[in-house]
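What follows is calculated from the coordinates using simple rules that are stated; it is not laboratory data. Everything quoted here is computed from the prediction, not taken from an experiment. Because the Cβ atoms are built from the backbone with ideal geometry, glycine has one as well, and the counts that use them run over all protein chains shown.
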Amino acid sequence: MAVRPRLAVWKFASCDGCQLSLLDCEDELLAVAGEVEIANFVEASSAVAPGPYDLSLVEGSVTTPEDARRIQEVRAQSKHLVTIGACATAGGIQALRNFQDVEEFRRAVYARPEYIATLATSTAIRDHVPVDFELRGCPINKAQVLEVIAAFLHRRRPTVATGSVCAECKRRGVVCVVVAQGTPCLGPVTQAGCGAICPAYRRGCYGCFGPQDSPNTPAWSSRLGELGLAPGAILRIYRTFNAAAPAFRAAGDAAVQEGG
């Protein structure tokens, strides 16, 4: 009997949404389970087998000294390591701490702050260990994660769109909310993958999938200003799920400078 590749799924600082997206694959997940041995997936089963693993999917960012130590162990046990979701690829919503004084927060929130071990920043997994592929989203697209698993099983590069959400709007026949309504939207600078959910409901894109492969954020920030957004509002648009992604961070910093 052929030995099946071994799959592990790991959680760091996150809300579990990306792991739940994988579980939401339902029937497709049964097919995956037939092709691989799911050796470590605590969200799905308490049965955990020790490494090494052929493929590890990592959700969540590094926010504590323990996280920084544990990701090294995960990398050492994994032939291939793929990060899934905004937390693992860009630090997530918790990366908003990167712009503030975490020590001040710790003293304000906890009666005994000396018992709380945390880092001053929330960082992407790639900032700590080599990563073989990054899958964006908050949460990830379940079809894309299946494509990534299949690609690594067949030793090929995953086929995942890197263009903008605007392309998805065009494919769906969704009317542009910026042109038709004057609604602020991050679609032109955000990577595709969600299926243009928000614009389809006449809401601007929130940037859940992070920057697209060639985002012109300076030009788009200028357009947002023309729509009536003050620098503070532009800053808030960029500083959400992917606040620490380089392109969005730079755009937010530029808005801060413009606002004085």
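Annotations for the structure displayed:
- Backbone geometry of the range 74-89 corresponds, through the Karplus equation with coefficients 6.51, -1.76 and 1.60 at θ = phi - 60°, to 3J(HN,Hα) couplings of 4, 4, 5, 8, 10, 5, 10, 10, 10, 8, 10, x, 4, 5, 6, 9 Hz, x marking Gly and Pro.
- Directionally averaged projected area (the chain, Cα convex hull): 15.9 nm².
- Assuming charge only on the beta carbon of Lys and Arg (+1) and of Asp and Glu (-1), the dipole of the range 165-259 about its Cα centre is about 320 debye to the nearest 20.
- The range 165-259: relative contact order as a whole-number percent, Cα under 8 Å and 6+ apart: 24 percent
- Per DSSP, loop chymotrypsin sites (Phe, Trp or Tyr not before Pro) in the range 73-112 with at most 15 further Cβ within 10 Å: Tyr110
- Tensor-based shape of the range 46-108 (alpha-carbon gyration tensor, a/c under 1.5 rounded, otherwise prolate or oblate): prolate
- Separation of the range 1-61 and the range 189-205, taken as the distance between their Cα centroids, equals 28 angstrom.
- Of all lysines in the structure, those lying under 23 Å Cα to Cα from Lys79, and not within fewer than 8 positions of it along the same chain, are Lys11, Lys142.
- 3J(HN,Hα) along the range 207-215: x, 4, 8, x, x, 6, 5, 9, x Hz, from the Karplus curve 6.51 cos²θ - 1.76 cosθ + 1.60 with θ = phi - 60°, whole Hz, x for Gly and Pro.
- Overall dimensions of the range 6-153 by Cα: Rg and Dmax, Å: 15.9, 50
- Per-residue HN-Hα couplings for the range 149-163 [Karplus 6.51, -1.76, 1.60; θ = phi - 60°; Hz; x = Gly/Pro]: 4, 4, 4, 6, 5, 9, 6, 9, 6, x, 9, 10, 4, 10, x
- Charged side chains reduced to their Cβ positions (Lys and Arg at +1, Asp and Glu at -1) give the chain a dipole of some 420 debye around its Cα centre.
- Between Ala111 and Ala49, the simple label model (points 7 Å from Cα in the Cβ direction) yields a spacing of 4.6 nm.
- Taking chymotrypsin sites (Phe, Trp or Tyr not before Pro) across the range 174-239, the ones in a DSSP loop with at most 11 further Cβ atoms lying within 10 angstrom of their Cβ are Tyr201.
- Over 15 Å [Cα-Cα, the range 172-240], rounded percent: 49 percent
- Beta bridge orientation in the chain: antiparallel %, DSSP, nearest 5: 20 percent
- Relative contact order [Cα under 8 Å, 6+ residues apart], the chain, whole percent: 17 percent
- Interchain or long-range residues, amide H under 5 Å from Ala192's placed H: Gly163, Ser164, Val165
- Based on DSSP H segments of at least four residues, each scored -39500 (n - 2.57), the chain has a per-residue ellipticity at 222 nm of -11000 deg cm²/dmol.
- Segments 79-90, 27-38 sorted - mean Cβ within 10 Å per residue, highest first: 79-90, 27-38
- Rounded to 5, percent antiparallel among DSSP beta bridges of the range 6-153: 10 percent
- Gain in span if fully extended, Ser214 to Arg75, counting 0.36 nm per residue against the direct Cα distance: 47.1 nm
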